[in-house]
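The values are calculated or read from the model by the stated rules, or taken from the named source; none is laboratory data. Treat the numbers as computed from the prediction; the structure is a model and nothing was measured. When we count neighbours, we look across all protein chains shown, and the Cβ atoms used for this are built from the backbone with ideal geometry, even at glycine.
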């Protein structure tokens, strides 16, 4: 496992994307966000995805010169047409718009259609933090791996949700979760690493545990809390997909097997301006206080300390900014092949 | 088990509340909402709660002549001070305001502090439906029964969330879930009925299953999906509680044991105007289509059909509107005692 500096990683993704035909500014923006995903430890959502993205781009499945635009709008709301752009560009725009609007209205909600996979939900939920706002993001996942509870037809994705809330001296509290026990990206990573999956991630169509990631297509991911996780995935899918005129249910395109059909991915992003509710400094101290309460809890046998949502990612971020992002040998090899295909310098 | 008509039930709650000193309009409003909870099958949140409410009211723990008012406001947002009113009154007001504002702004979000227990989340999330809007509600629960994941200190409540989305010919899809495997109201009901709890609802401080509801104080409720459910409960608590200046964490008052201290309950309510995003009729047909897809899924062995969130409550509602609300003997007895105490005619 060799470590790569964030700058090296960004520069590599940037040249790969420019070689694919992206305008410089867009390549830089996507490269920055993908690197940020890797820095924060979202290993299944960063440069790991680059070969898949490039495959889709070179197959014509992503528009590299998109016209991302608002097609419906009210004071605290907008609907974006992503014009089949990289999801990173669409959702960065959605975050910007929601932050801008929330300054006046207290909250703003921006939905998107004709978008694509945008990497980890935390990236976008975290954007309002710098503006003393709370961020809320959800997406329809790009492949159905979950049946409705009690069913066996794969009609739902892992539809993730992320919520980011700023603290004062403490790190932000940032929940980023799939509505399944494990995200599908983790299954793909286990497969690439040749590892078995723990019991509880997937079951087969008879409900028996499925632990071999190579057999993933024979089973499905388990929603958290059974019927509740199914319900959450469904509601988030209706909010992020159906409401925005984006794909949901049987219309979802599995972007790991189909590299051509536009995914019509749906996402939404909301920003809440803290100053509309509270004194910002006081609120942040209150969040720190809650953080400290959780952290100060006595623990169950075998648990060293309680963790907060986003704490691990925050700590990984500090480490990786200093020491670089670890790139496993199989991934390094795949990126090397990709560099050669694109005719750009390797990582 | 005897059945009581919704009208009888409403009239009984209404006279009980008027006997407690509520103005007529407020008594009628709360009685209507509590009855609606029973009609929809939220047996732990309807008239079952009346003796507890009355105990708190008569102990001075609830303000029967409140001045519920907006204390901060922007175009798409408001913060309500509930003045320690019954939560039903505060959240009905919050729903009204969010619906009114969303007509202009596309979405609106109303937070509340100094509120109280408001019954089932579904009641409020469902209010925007009649206005062709989507409803979103969350609350800080009134008693901490959940530790942070890996911890044993009870610092979190079951913080529920509800989302309601209207269909065309199909019933609305309405998710109303605690972020724990079971809501605490279900534990209280099992206790009252002398029933054991299933494994998975609660564990003791060593992590062993706890199934005797009389021992509930020795253990805690299990969050859905382990760390994820803890994360959700925490974020909803920060959004519904901390952001609004309401109780969260160690400040939460357990209203089953403390009948005097103001609970400073926090909740929020958001409404999304569908017409800001889509053609309303078309959207509703799309929701029906998703409903039908889920319903049409092949099922696992032993499952007769897939259910949608809110489907059971909808069907129970149809049955109970026609045949009345079943009142178990222990509850009937408790309500009889209550009626005598208050000097009003019994149920």
Condition set in contact (Cβ under 8 Å) with a residue 40 or more places away in the chain and in a strand (DSSP E or B), scope region B:139-155, selection farthest from the other protein chains (Cβ to nearest Cβ): answer is B:139
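Table: residues versus (1) within 23 Å of residue B:190 (Cα to Cα); (2) free of Cβ contacts under 8 Å to residues at least 12 places away in the same chain; (3) in contact with a helix residue (DSSP H, G or I) (Cβ under 8 Å, 6 or more places away or on another chain).
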{"position": "B:2", "(1), (2), (3)": "yes, no, yes"}
{"position": "B:16", "(1), (2), (3)": "no, no, yes"}
{"position": "B:24", "(1), (2), (3)": "no, yes, yes"}
{"position": "B:46", "(1), (2), (3)": "yes, no, yes"}
{"position": "B:52", "(1), (2), (3)": "yes, no, no"}
{"position": "B:59", "(1), (2), (3)": "no, no, no"}
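Within the group B:87, B:106, which residue is over 29 Å from residue B:191 (Cα atoms), touching a residue at least 60 places away in the same chain (Cβ under 8 Å), touching a strand residue (DSSP E or B) at 6+ places or on another chain (Cβ under 9 Å) and buried (at least 23 other Cβ atoms within 10 Å of the Cβ)? Lay out the reasoning, then the answer.
Numbers: B:87 fails: over 29 Å from residue B:191 (Cα atoms).
Criteria check complete, one pass: B:106.
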Please determine, by comparing only the residues of region B:247-270 that are within 11 Å of another protein chain (Cβ to nearest Cβ) and touching a helix residue (DSSP H, G or I) at 6+ places or on another chain (Cβ under 7 Å), which one is surrounded by the fewest Cβ atoms within 10 Å (Cβ to Cβ).
-> B:250
Give the residue that is surrounded by the fewest Cβ atoms within 10 Å (Cβ to Cβ), with candidates limited to residues of region B:156-171 that are farther than 11 Å from residue B:146 by Cα and away from chain A (no Cβ under 11 Å).
-> B:169
(1) within 9 Å of chain B (Cβ to nearest Cβ); (2) assigned to a helix (DSSP H, G or I) all hold for residue A:206 apart from (2)
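Among the listed residues B:298, B:332, B:322, which satisfies the condition of being touching a strand residue (DSSP E or B) at 6+ places or on another chain (Cβ under 7 Å) and free of Cβ contacts under 8 Å to residues at least 12 places away in the same chain? Before you say what the answer is, go through the steps one by one.
Details: B:332 fails: free of Cβ contacts under 8 Å to residues at least 12 places away in the same chain; B:322 fails: touching a strand residue (DSSP E or B) at 6+ places or on another chain (Cβ under 7 Å).
Answer to the selection: B:298.
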Given (1) in a loop (DSSP other than H, G, I, E, B); (2) more than 21 Å from residue A:154 (Cβ to Cβ); (3) within 11 Å of chain A (Cβ to nearest Cβ); (4) under 19 Å from the mean Cα position of the chain (by Cα), number of the condition residue B:312 does not satisfy | (1)
Looking across region A:225-242 at residues that are buried (at least 24 other Cβ atoms within 10 Å of the Cβ) and not in a helix (DSSP H, G or I), the single one that is modelled with the highest pLDDT is A:241
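Where in region B:1-116 are the strands (runs of 3 or more DSSP E), entirely inside, with at least 2 residues that are under 21 Å from the mean Cα position of the chain (by Cα) and assigned by TED's automatic domain parsing to the domain that holds residue B:239? Please lay out each step first, then the result.
Working: elements: B:2-4, B:69-74, B:77-81, B:107-115.
It comes to B:77-81, B:107-115.
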